[in-house]
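The values are calculated or read from the model by the stated rules, or taken from the named source; none is laboratory data. Predicted model only: the values in this text are computed from it and were never measured. Here the Cβ positions follow ideal geometry from the backbone for every residue, glycine too, while neighbour counts run over all protein chains shown.
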Amino acid sequence: QKEVEQNSGPLSVPEGAIASLNCTYSDRGSQSFFWYRQYSGKSPELIMFIYSNGDKEDGRFTAQLNKASQYVSLLIRDSQPSDSATYLCAALNDYKLSFGAGTTVTVRA
Amino acid sequence: IAGITQAPTSQILAAGRRMTLRCTQDMRHNAMYWYRQDLGLGLRLIHYSNTAGTTGKGEVPDGYSVSRANTDDFPLTLASAVPSQTSVYFCASSANPGVRDTQYFGPGTRLTVL
């Protein structure tokens, strides 16, 4: 079992809708959590990080962390075609990142 | 500022050959990392270095070696390439390894071993 699991997708949402991405992690020692976006053929780019329980908002993106449930999520509001990409969830433990396999999101115009 | 550069961009290699993937960063980051990305498996850590002169093994280190002679460069060497090492390789760096550290990725090297 991978340390970080993501909903497998692919996820297809209409333009303007909310895309909801979920991630669970197995190691309770994980301290920080990151969401990266990866366009096809490109490298991952950081979009959000969260360290504390609760919500963190940055523009159209909201990250949610529940350490008791070992659950991290990312909401993308007002989804745009440019949001079509693979989203990678990562957990930091012992100064090393463990990544989920990613969820591919397609935003339909 | 270039950030992180990797070379080559892509490479086709015969099995059994030696290959070094190059990674250079100009951000004066202390920590550097090598990952491989395979379809359905996500990014997996191969080796890392928390500071110049030190290295450590990640999740999938077998068949790979690294060195960190200075802050900027972190080459990854495949001593004798095998087809299972066909993958996309990403180098990353971060300012200082820690709880609130953020990793930034290079453009990647696509390696095919035949």
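Values computed for the structure shown
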item	result
Some residue of the range B:36-54 being touching a Ser or Thr at 6+ places or on another chain (Cβ under 6 Å), closer than 22 Å to B:PRO8 by Cβ and in contact (Cβ under 8 Å) with a residue 40 or more places away in the chain	yes
Strands (runs of 3 or more DSSP E) within the range B:58-114 that include 3 or more residues at pLDDT 95 or above, at the interface with another protein chain (Cβ under 10 Å from one of its Cβ atoms) and buried (at least 18 other Cβ atoms within 10 Å of the Cβ)	B:87-94
Subset tally (residues that are within 26 Å of B:ARG110 (Cα to Cα) and crowded, with 17+ Cβ neighbours inside 10 Å) for the range A:4-40	7
Boolean, A:ALA63 is free of Cβ contacts under 8 Å to residues at least 40 places away in the same chain, buried (at least 20 other Cβ atoms within 10 Å of the Cβ), within 23 Å of B:VAL99 (Cα to Cα) and within 15 Å of the chain's Cα centre (by Cα)	yes
Candidates A:SER82, A:SER73, A:SER52, filtered to the one that is loosely packed, with under 12 Cβ neighbours inside 10 Å, modelled with pLDDT of 95 or more and among the polar types (S, T, N, Q)	A:SER82
Lone qualifier among B:THR55, B:THR24, B:THR71, B:THR20 - being over 21 Å from A:CYS89 (Cβ atoms) and in contact with an Asp or Glu (Cβ under 6 Å, 6 or more places away or on another chain)	B:THR24
Elements of type strands (runs of 3 or more DSSP E) contained in the range A:63-109, each with 3 or more residues being more than 9 Å from chain B (Cβ to nearest Cβ)	A:71-76, A:85-93, A:103-108
Candidate set from the range B:32-57 (those that are aliphatic (A, V, I, L, M) and over 14 Å from B:GLY106 (Cβ atoms)); member that is surrounded by the fewest Cβ atoms within 10 Å (Cβ to Cβ)	B:LEU39
Top-ranked residue in the range A:5-19 [being touching an Asp or Glu at 6+ places or on another chain (Cβ under 9 Å) and in a strand (DSSP E or B); ranked as farthest from the other protein chains (Cβ to nearest Cβ)]	A:VAL13
Single residue of the range A:85-109 satisfying the filter (surrounded by fewer than 20 Cβ atoms within 10 Å (Cβ to Cβ) and over 13 Å from the mean Cα position of the chain (by Cα)) that is nearest to B:ILE46 (Cα to Cα)	A:LYS96
Test: B:MET27 is buried (at least 21 other Cβ atoms within 10 Å of the Cβ) and either assigned to a strand (DSSP E or B) or more than 10 Å from chain A (Cβ to nearest Cβ) (or both)	no
Selection count, the range B:48-57, where residues are away from every other protein chain (no Cβ under 11 Å) and either of a type outside the set (Ser, Thr, Tyr) or not in a strand (DSSP E or B) (or both)	5
